[in-house]
Amino acid sequence: MSTITDIKTDDAFRSHISSLPPTTLAVISFHTPWAAPCKQMRIILEALASSYPPQTPPIISFLSLDAEELPDISESYDVTAVPFLVLERDGKVLESVSGSDASKIRDAVERHAGKGGNTGKLGLPPALDATPRENGEGEQTEKTKNLSSYAPGSSDPATGPEMSSTAGQKEELDKRLGELVKAAPVMLFMKGTPSTPQCGFSRQLVGLLRENGVRYGFFNILADEEVRQGLKVWSDWPTFPQLYLKGELVGGLDIVKEELENDPDFFSEYQAAPKGKGGMAAPEAQTAPIST
């Protein structure tokens, strides 16, 4: 069966792609380790790969890349969100799929590579049977007895920790986050700083703000793990970068691109320089949010 090749460097990617015959379909999966949907994508692709037997020359090759670790490759394929799948043959992109919808992914792969073997419903292994085991008289065993009527008594030990201190810490963090998102009319929460972005998505969003002459503040979430994790929950937005206008979440890179496509003057209220000239970059040593 075929397997997924994990690509770690730009050179390894170029070498692998250049070694493929022009008839081979390259299935290129972009992921990040912290995005839960990417784990689902991996399961789907492993099931699909296992359905294609190795051949010479190969008819299909599965590749997996960390979108943030290889930002130049991500940008070359216009990756703005993960998981993101690109189907390529002989240097030409045939199709791309955003998200981890198993049926869409399987349909796209099979449309360009043909069907593999049986991989179960929607390209996933069949569901496991989790029916409880019973004894000879049809009664459940002691290990699986019905506890639906059980209720804890006053003498039973507590089943969870006291939450008062945790609730207080959360309230304090929420207050801090509410102040941070309003620290400047335009606030960018990013990986790294505008002068040294630490991921391709942050780099692209900084570029968009500069192209549109936007005056903005920034916060390097890599410098504060509490803010990094807390903001995901507070905003109900699990990925970075995140852009806020007057304290309201706009979204990530893909949403900002959509807003600009729908309204080229989306940032007109926040411009500090003519379009194309870019806003002032914040000092790299600054770790707290400031206006730029």
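Here are the numbers for this structure:
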item	result
Relative contact order (%) - criterion: Cα under 8 Å, at least six apart; region: the range 29-110	37
log₁₀ of I(q)/I(0) at q = 0.13, 0.22 Å⁻¹ - the range 14-80, Debye sum with one point per alpha carbon	-0.42, -1.04
Chain lengthening between Thr3 and Lys104 when straightened (0.36 nm per residue, less Cα-Cα)	34.4 nm
For Leu94, distant residues with modelled amide H under 5 Å away	Leu87, Glu88, Arg89
Whole-Hz couplings from phi, Karplus 6.51/-1.76/1.60, listed for the range 183-192; x for Gly and Pro	5, 8, x, 10, 10, 10, 9, 9, 8, x
Solvent-accessible surface ranking, highest first, for Arg215, Arg89 at 1.4 angstrom	Arg215, Arg89
The range 1-85: trypsin sites (Lys or Arg not before Pro) in DSSP loop, at most 14 other beta carbons within 10 Å	Lys8
Within the accessible area of the range 43-116 (1.4 Å probe), percent carbon and sulfur	46
Solvent-accessible surface ranking, highest first, for Ser202, Ser100 at 1.4 angstrom	Ser100, Ser202
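The values are calculated or read from the model by the stated rules, or taken from the named source; none is laboratory data. These numbers were taken from a predicted model, which means no experiment stands behind them. Methodologically, a virtual Cβ is constructed for each residue, glycine included, from the backbone with ideal geometry; neighbour enumeration extends over all protein chains shown. For the accessible areas, the whole protein counts, side chains as well, though only heavy atoms, and no ligand, DNA or RNA atoms are used. Shrake-Rupley method; radii C 1.70, N 1.55, O 1.52, S 1.80 Å.
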